[in-house]
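Q: One structure coming up, written as structure tokens, with questions to follow.
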Amino acid sequence: MKNTRVLISGASIAGPALAYWLRRYGFTPTVVERAPALRPGGYKVDLRGVAVDVVDRMGIGAQIRARATDMRGGTWLTGAGKAVATLGGDAIGFRDPGDLEILRGDLAQILHQETSDEVEYLFGDAITAISESGSGAHVTFERAPSRTFDLVVGADGLHSGVRTLSFGPEPQFAQPLGMSIAVFSVPNHLSLDRWEMVCTIAGHIANLYSLRPSADATAQFLFPTPQRPPDRHDLHAQHRAVADAFAGHGWEVPRLLAAMPMTRDFYFDSLAQISMPSWSSGRIVLLGDAAYCPSPASGQGTSLALVGAYVLAGELAEAHGDHHTAFPRFEQEMRPFVELNQKLGRDAVKQMVPATRLRAWAQLAMMRMMPYMPGKARVIEKIMEPIREAANAITLKTYAQALR
Ligand SMILES: Cc1cc2nc3c(=O)[nH]c(=O)nc-3n(C[C@H](O)[C@H](O)[C@H](O)COP(=O)(O)OP(=O)(O)OC[C@H]3O[C@@H](n4cnc5c(N)ncnc54)[C@H](O)[C@@H]3O)c2cc1C
């Protein structure tokens with residue numbers, strides 16, 4: 001086996017999942033993560049279709065099921081806060097039986113626990129430069145001394161540092177979807193218990209959920225990106241953008257906005273997809289959101305990260321570490337799967353957030369009628385069809401012969 005020393009940037013989902021598989025195949029991965037430590041909890045993410053197969057092959061399916069959100073369901077509301085429909089947990093999350101939902105931080109913690117005995121993690125650090133030569137990729141860090149690796153993997157998310165260093169500035173590859181998202185913890189004043197509330201007002205969604213009455217709730221706001229988007233590092237400008245977008249809205253919105261400046265964890269970003277002509281260059285390859293972010297609107301970013309990690313490691317092992325063979329094969333396997341899921345994300349933005357009051361009204365009317373529709377199951381089935389197709393649009397190869 002050649003090229004066994006692999007540096008992975010990013011310790012969320014794609015990075016540790018790749019480290020897991022590489023270790024099993026006899027590589028020596030090192031993971032560098034900018035954050036000083038793992039961040040627990042956070043927002044909930046889905047694992048659908050083939051991704052569930054991947055976590056079962058990793059042997060962590062049972063742990064994920066034990067920590068699944070197990071949401072009972074949710075209520076759809078008018079802008080004024082009047083309940084119009086109630087759906088079960090799987091239906092409101094557009095999941096098939098067998099699909100899973102877990103907090104992103106919990107999944108990251110499981111992946112870290114599974115790998116930390118055998119994988120070197122460098123928290124609170126980041127790559128500052130990568131230069132390649134015949135003998136390897138020479139990497140300098142913000143804090144750690146320079147080192148040489150055989151391969152470098154950018155699994156460092158939508159705003160990937162490896163992508164910027166080795167492929168070009170983000171705007172070259174990012175395709176904004178015209179919407180912004182804010183997510184933060186708030187007191188669970190409605191005592192929501194594995195319950196979600198979704199309030200849709202033309203072009204805007206305010207969402208509130210909690211996993212336990214005794215735990216904080218998570219508020220999530222989705223809205224059209226303002227003409228002058230706030231700076232990614234300017235917290236106050238981001239707070240202002242959310243408050244401006246939802247000014248005058250009813251339901252619990254004023255209370256949630258009032259809690260926003262006091263929250264302990266505020267996440268803000270514009271929804272975007274990453275589209276690149278190639279995911280690799282020489283000894284460097286991108287994985288997960290860094291390479292092919294489908295956006296949170298697709299609900300498939302976590303699944304793509306997990307499946308991509310499985311395929312990249314498997315192809316590297318099968319090619320005995322030869323990246324000239326493995327990187328193009330990884331891309332060939334993953335591209336059609338990624339493209340279908342990215343389309344899902346673009347379509348979801350159009351459907352989730354009705355652009356006009358008339359469409360918002362039509363959406364609410366449909367939700368209101370849903371419980372009485374003789375074909376209710378058929379309506380949900382119709383929504384599920386493209387999601388199910390995209391979530392299963394890859395046949396996993398078996399790389400077992402490459403296992404140590
Ligand atoms: C609000 C929200 C809701 C979502 N809902 C869903 C959902 O329902 N279903 C779903 O499948 N997906 C969902 N997603 C998307 C999902 O979280 C991502 O697609 C998934 O986490 C991608 O994993 P990743 O490991 O590729 O990247 P990320 O999870 O973005 O992780 C990147 C990691 O790299 C680190 N990093 C960044 N820059 C550097 C650097 N320069 N050096 C070192 N480390 C760095 C970051 O700190 C982070 O730990 C949602 C996302 C958001 C924001």
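Q: Filter the range 1-48 for residues that are within 11 Å of the ligand (Cβ to nearest atom) and out of contact with any strand residue (DSSP E or B) (no Cβ under 9 Å at 6 or more places or on another chain) and give the result.
A: Once the filter is applied, which keeps residues that are within 11 Å of the ligand (Cβ to nearest atom) and out of contact with any strand residue (DSSP E or B) (no Cβ under 9 Å at 6 or more places or on another chain), the range 1-48 yields A17, R39.
Q: Which pairs do you get when a residue that is closer than 18 Å to F223 by Cβ and without any contact (Cβ under 8 Å) to a residue 60 or more places away in the chain, found in the range 185-213, comes within reach of a residue that is assigned to a strand (DSSP E or B) and among the polar types (S, T, N, Q), reach meaning Cβ atoms under 8 angstrom, with the pair 6+ apart or on two chains?
A: Short answer, once both residue conditions are applied: A206/Q220; N207/Q220; L208/T218; L208/Q220.
Q: Out of everything in the range 263-304 that is within 30 Å of V186 (Cβ to Cβ) and among the aromatic types (F, W, Y), what residue ends up being nearest to the ligand (Cβ to nearest atom)?
A: Y267
Q: Sticking with this structure for a sec: Where residues in the range 104-162 are buried (at least 18 other Cβ atoms within 10 Å of the Cβ) and of a type in the set (S, T, Y), which of them is farthest from the ligand (Cβ to nearest atom)?
A: T115
Q: Can you find even one residue in the range 373-385 that is modelled with pLDDT of 65 or more, farther than 18 Å from A91 by Cβ, in a helix (DSSP H, G or I) and out of contact with any Cys (no Cβ under 6 Å at 6 or more places or on another chain)?
A: No, the conditions are met nowhere in the range 373-385.
Q: Could I ask something else about it? If you scan the range 1-27, which residues turn out to be within 13 Å of T115 (Cβ to Cβ) and either basic (K, R) or free of Cβ contacts under 8 Å to residues at least 40 places away in the same chain (or both)?
A: Scanning the range 1-27 gives R23, R24.
Q: I'd like the full set of residues that are over 12 Å from the mean Cα position of the chain (by Cα) and among the charged types (D, E, K, R), limited to the range 287-323.
A: Answer for the range 287-323, where residues must be over 12 Å from the mean Cα position of the chain (by Cα) and among the charged types (D, E, K, R): E315, E318, D322.
Q: Taking only pairs six or more apart or across chains, which ones have beta-carbon atoms under 7 Å, a first residue in the range 235-261 that is part of a helix (DSSP H, G or I), and a second residue that is of a type in the set (D, E, K, R)?
A: A237/D231
Q: Limited to the range 232-262, what total is found for residues that are within 14 Å of the ligand (Cβ to nearest atom) and either at pLDDT 95 or above or in contact with a Leu (Cβ under 9 Å, 6 or more places away or on another chain) (or both)?
A: Here the count works out to 2.
Q: Going residue by residue through the range 177-192, is there one that turns out to be of a type outside the set (S, T, N, Q) and on the phi > 0 side of the Ramachandran plot?
A: There is at least one residue in the range 177-192 that is of a type outside the set (S, T, N, Q) and on the phi > 0 side of the Ramachandran plot.
Q: Filter the range 25-45 down to the residues that are at pLDDT below 95 and charged (D, E, K, R), then identify the one that is nearest to the chain's Cα centre (by Cα).
A: K44
The values are calculated or read from the model by the stated rules, or taken from the named source; none is laboratory data. Predicted, not measured: the structure shown is a model, and the values here were computed from it. Every residue, glycine among them, receives a Cβ derived from its backbone with ideal geometry; neighbour counts consider all protein chains shown.
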